[in-house]
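The values are calculated or read from the model by the stated rules, or taken from the named source; none is laboratory data. This structure is a prediction, so every number in the text was calculated from the model and none was measured. With ideal geometry, Cβ positions are generated from the backbone for all residues, glycine too; neighbour counts draw on all protein chains shown. Side chains are part of the model used for accessible areas, which takes the heavy atoms of the whole protein and leaves out ligands, DNA and RNA. Shrake-Rupley method; radii C 1.70, N 1.55, O 1.52, S 1.80 Å.
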Amino acid sequence: MKKPLDYLFWYTVSHFVIDEKYRIIHLNEEELEVWIENTTNRDLPIIRLSQRDVTWRVLVERDFNQVVHVMSQFRKELNRPKLTLANIYLCEKTLETSGMYNETKMSEDKTITINSYVLTPTEQAADMSLLAADFNWNTEKMLPLAEQTNAAVEELKVKMVSHLSANVQLPAKKTWKDQFLWTYLLIAINVLVFLAMTVMGGSTDTYVLTLFGAKINELIVAGEWWRLITPMFLHIGFTHLLMNMVSLFIIGTLVERIFGGWRFLTIYFVAGIAGVIASFVYSDSLSAGASGAIFGLFGALLYLIIKKPQIYWKTLGVNVLFLLGINLAYGFVVSNVDQYAHIGGLIGGLFMAYCVAIKGQYVDWKRWVYVALTVVIFSYFVVIGYRNVNATSDPATGNAVAMSYIEQHKMGKAKKVVGVIEKNNYNDYVSDFLLGTIEFQKGNHAAAITALERAIAQEPNFPEAFYNLALVHQADGNRLKAIAAAKQASAQSSDASYKALYEKLNESN
């Protein structure tokens with residue numbers, strides 16, 4: 001994607017969200033698509049901004065039918081007779097005549113009206129003038145095309161995060177208990193942690209995620225138990241943060257109002273920990289995010305529907321089940337979503353809702369039974385995770401974490417990760433190579449040679465391992481073995497350092 005198109009997307013989104021008080025319904029950062037609605041005026045159209053190739057009529061017709069379907073679902077959910085959409089296409093070049101843009105169309109049943117527009121980087125000023133009739137628009141702050149760089153795009157993203165954080169304000173209420181204090185505080189903490197991670201090197205960087213406390217099975221087994229808690233405050237990428245914080249704002253304020261502050265916090269934190277525990281037991285991947293805790297809030301709402309169906313089914317039931325179903329289905333479809341954390345959080349939130357109940361209910365023996373049952377179940381799964389880490393673990397995540405520690409010259413931390421992998425017998429040739437590298441750096445030459453030879457036995461075509469083995473033998477004064485290892489490294493790779501070491505050893509022979 002070209003930089004001007006990225007810039008145009010984020011400039012337009014930030015204009016509507018910051019200047020026009022719209023809220024984000026859905027955001028796909030990778031495909032440059034966002035759906036937003038106005039928070040103060042429901043009569044204004046919903047806006048969809050998307051990057052699409054709409055040069056040809058058939059492509060526009062197909063996209064139009066998909067948009068009508070989505071809008072029809074929105075209309076039914078909102079119980080509205082009609083809805084209007086401003087459909088804004090982003091294109092890299094000026095379009096040919098497709099006859100389908102910059103016009104108004106309606107669905108067959110006349111319930112959905114779609115006003116289409118086109119924005120292109122090269123004609124952005126002229127294209128935006130077409131929006132002026134429907135929206136307040138100010139292009140004075142837009143940078144010239146030549147200055148729309150990656151840095152400018154990142155500045156717009158940071159501006160969005162800062163705006164969302166700064167506008168988490170407590171509504172004016174008559175009593176302290178009616179204020180959604182904890183929901184907003186949790187949002188602010190998540191945003192601040194994300195900004196800190198960005199400053200430290202980026203929220204998608206393995207080392208930064210490890211440093212801030214992401215869920216890494218090997219480190220939990222090694223004794224870093226706090227990683228069962230800290231992942232719920234970390235997010236991998238801006239989109240991950242944004243979608244979770246929008247969900248927390250919508251669901252959190254509702255649950256906090258019904259259950260009260262301390263009950264809400266108890267449900268949130270226990271559900272978040274339950275999600276991490278489920279991921280620890282069933283998933284080998286590095287993971288982070290508040291989604292387990294947020295699914296726990298869904299669990300709390302399910303508790304209300306189960307316990308008080310006559311009150312909550314009509315007001316919450318259909319919407320809660322629909323949103324829950326959509327989010328669970330999304331987790332099963334998208335490969336990089338930690339669905340175990342979602343399901344664990346949902347169950348943890350449901351159990352904790354039974355434990356704390358709602359405001360005004362008396363303590364009875366059943367609640368203590370739920371408390372005891374929750375403690376037993378949580379403890380059981382933690383023990384299962386510690387004992388059976390070798391049964392489900394793939395060393396790829398641990399290897400990546402150990403490698404990030406090595407790059408930061410934290411050999412002790414790297415050894416802790418690889419040590420768990422080796423102890424539980426799921427090490428591969430990469431794990432052995434890393435262990436050999438660590439032992440060599442720590443001066444344990446015999447252990448380094450053993451690990452590197454084990455790596456080579458698993459993967460004979462491994463020039464890096466042969467090169468490190470040559471260095472260890474050289475440090476030990478075993479020139480012949482060093483020459484043999486360096487020769488293999490030089491033969492398997494064209495890396496100049498491998499050849500230089502081999503020639504140096506031969507010269508001293």
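Which residue pairs have Cβ atoms under 7 Å apart, sit 6 or more places apart or on different chains, and have a first residue in the range 395-415 that is more than 15 Å from G213 (Cα to Cα) and a second that is of a type in the set (D, E, K, R)?
Sorted first by the residue in the range 395-415, then by its partner, the pairs are P395/D428; M411/K442.
If you take the residues in the range 280-326 that are surrounded by fewer than 19 Cβ atoms within 10 Å (Cβ to Cβ) and polar (S, T, N, Q), which one is modelled with the highest pLDDT?
So, considering only residues that are surrounded by fewer than 19 Cβ atoms within 10 Å (Cβ to Cβ) and polar (S, T, N, Q), the one modelled with the highest pLDDT is S285.
Looking at the range 32-48, is at least one residue hydroxyl-bearing (S, T, Y) and at pLDDT 85 or above?
No, there is no match, as no residue in the range 32-48 is hydroxyl-bearing (S, T, Y) and at pLDDT 85 or above.
Assuming S203 fulfils every condition listed in (1) open to solvent by less than 40 Å² (accessible area, probe 1.4 Å); (2) part of a helix (DSSP H, G or I) apart from one, which condition is it?
The one condition S203 does not meet is (2).
How about the range 224-235: which of its residues are closer than 13 Å to N190 by Cβ and surrounded by fewer than 23 Cβ atoms within 10 Å (Cβ to Cβ)?
T230, F233
Per-residue answers, yes or no, for (1) more than 20 Å from Y429 (Cα to Cα); (2) aliphatic (A, V, I, L, M):
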position: A465; (1), (2): no, yes
position: Q474; (1), (2): yes, no
position: N478; (1), (2): yes, no
position: Q492; (1), (2): no, no
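Quick one: count up the residues across the range 249-276 that are open to solvent by less than 30 Å² (accessible area, probe 1.4 Å), at pLDDT 90 or above and among the hydrophobic types (A, V, I, L, M, F, W, C).
Number satisfying all stated conditions: 5.
Could you say which residue among N478, N461, N509, N424 is of a type in the set (S, T, N, Q) and at pLDDT 90 or above?
Result of the check over N478, N461, N509, N424: N461.
Within the range 206-223, count every residue that is surrounded by fewer than 22 Cβ atoms within 10 Å (Cβ to Cβ) and among the polar types (S, T, N, Q).
The number of residues fulfilling the criteria is 1.
Could you check, for the range 236-251, whether at least one of its residues is farther than 24 Å from V371 by Cβ and either more than 16 Å from the chain's Cα centre (by Cα) or free of Cβ contacts under 8 Å to residues at least 24 places away in the same chain (or both)? Quick ask: steps written out before the conclusion?
Initially, the range 236-251 is screened for residues farther than 24 Å from V371 by Cβ, giving 236-250.
Still in the list and also either more than 16 Å from the chain's Cα centre (by Cα) or free of Cβ contacts under 8 Å to residues at least 24 places away in the same chain (or both): 249-250.
Yes: one or more hits.
Condition test on M232, is it under 18 Å from the mean Cα position of the chain (by Cα) and over 27 Å from S379 (Cβ atoms)?
no
Answer yes or no: is there a residue in the range 480-501 that is at positive phi and open to solvent by 80 Å² or more (accessible area, probe 1.4 Å).
No, the range 480-501 has no match at all.
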